[in-house]
1. Are any residues in the range 93-124 over 23 Å from L37 (Cβ atoms) and either within 12 Å of the chain's Cα centre (by Cα) or surrounded by 11 or more Cβ atoms within 10 Å (Cβ to Cβ) (or both), and if so, which ones?
2. For the range 60-82, which positions are farther than 13 Å from L104 by Cβ and out of contact with any strand residue (DSSP E or B) (no Cβ under 6 Å at 6 or more places or on another chain)?
3. Quick one: is T59 loosely packed, with under 12 Cβ neighbours inside 10 Å and either at pLDDT below 95 or not in a loop (DSSP other than H, G, I, E, B) (or both)?
4. Would you mention how many residues in the range 28-49 are in contact with a strand residue (DSSP E or B) (Cβ under 6 Å, 6 or more places away or on another chain), over 21 Å from E124 (Cα atoms) and touching a residue at least 60 places away in the same chain (Cβ under 8 Å)?
5. I'm checking my understanding of the structure. Among residues of the range 65-77 that are buried (at least 16 other Cβ atoms within 10 Å of the Cβ) and either among the basic types (K, R) or touching a residue at least 24 places away in the same chain (Cβ under 8 Å) (or both), which one is farthest from R50 (Cα to Cα)?
6. Contact list please: Cβ distance under 6 Å, first residue in the range 78-99 and on the phi > 0 side of the Ramachandran plot, second residue modelled with pLDDT of 95 or more and surrounded by 14 or more Cβ atoms within 10 Å (Cβ to Cβ), pairs at least six apart or on different chains.
Amino acid sequence: MTTALDSPANGGAPPPLPEPDAPFIRVEDRNGASHTLEAVEGWRLMEIIRDHGLGMENTCGGALACAECHVILDAAAAKRVPPPREDELEKLDELPMLYENSRLSCQIIWSDEMSGLSLKLAQET
């Protein structure tokens with residue numbers, strides 16, 4: 001398992017361990033590698049994942065125009081986030097492949113109560 005700072009951006013140096021009580025997200029990237037990302041209250045999941053260098057380019061910046069931030073929440077995580085709004089559901093319906101817990105990470109605002117959330121980055125379309 002890697003940490004949020006275990007990316008090319010830090011030159012491959014061993015990352016510092018997150019604070020023991022720091023809020024975090026577990027993310028499986030598109031290659032199947034698992035990452036533990038330190039999360040920031042009030043940020044969109046998309047921003048947290050992108051800023052930790054996991055390849056989320058999201059060209060629309062969270063405006064529900066591209067769906068490049070498609071993630072699949074695990075069953076427990078799906079129960080811990082607010083339900084999708086109608087506009088998110090409409091954008092998800094445009095995707096060629098959906099899963100039971102598909103969400104757009106640009107539409108989920110992080111709160112520290114979500115700490116431990118697990119998700120998988122959907123394959124690019």
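1. L95, L98
2. From the range 60-82, those farther than 13 Å from L104 by Cβ are 74-80; that's our starting set.
Correct list: A75, A76, A78, K79, R80.
3. For T59, the condition - loosely packed, with under 12 Cβ neighbours inside 10 Å and either at pLDDT below 95 or not in a loop (DSSP other than H, G, I, E, B) (or both) - is met.
4. 1
5. First pass over the range 65-77, keeping only residues buried (at least 16 other Cβ atoms within 10 Å of the Cβ): 66-73, 77.
Remaining after also requiring either among the basic types (K, R) or touching a residue at least 24 places away in the same chain (Cβ under 8 Å) (or both): 67-73, 77.
Values: A67: 14, E68: 11, C69: 9, H70: 12, V71: 12, I72: 16, L73: 17, A77: 19 Å.
For the range 65-77, the residue satisfying everything is A77.
6. Going by the 6 Å Cβ cut-off, there are no qualifying pairs.
The values are calculated or read from the model by the stated rules, or taken from the named source; none is laboratory data. The shown structure was predicted, so the numbers you read here are calculated from the model rather than taken from an experiment. Backbone-built Cβ (ideal geometry, glycine too); neighbour counts: all protein chains shown.
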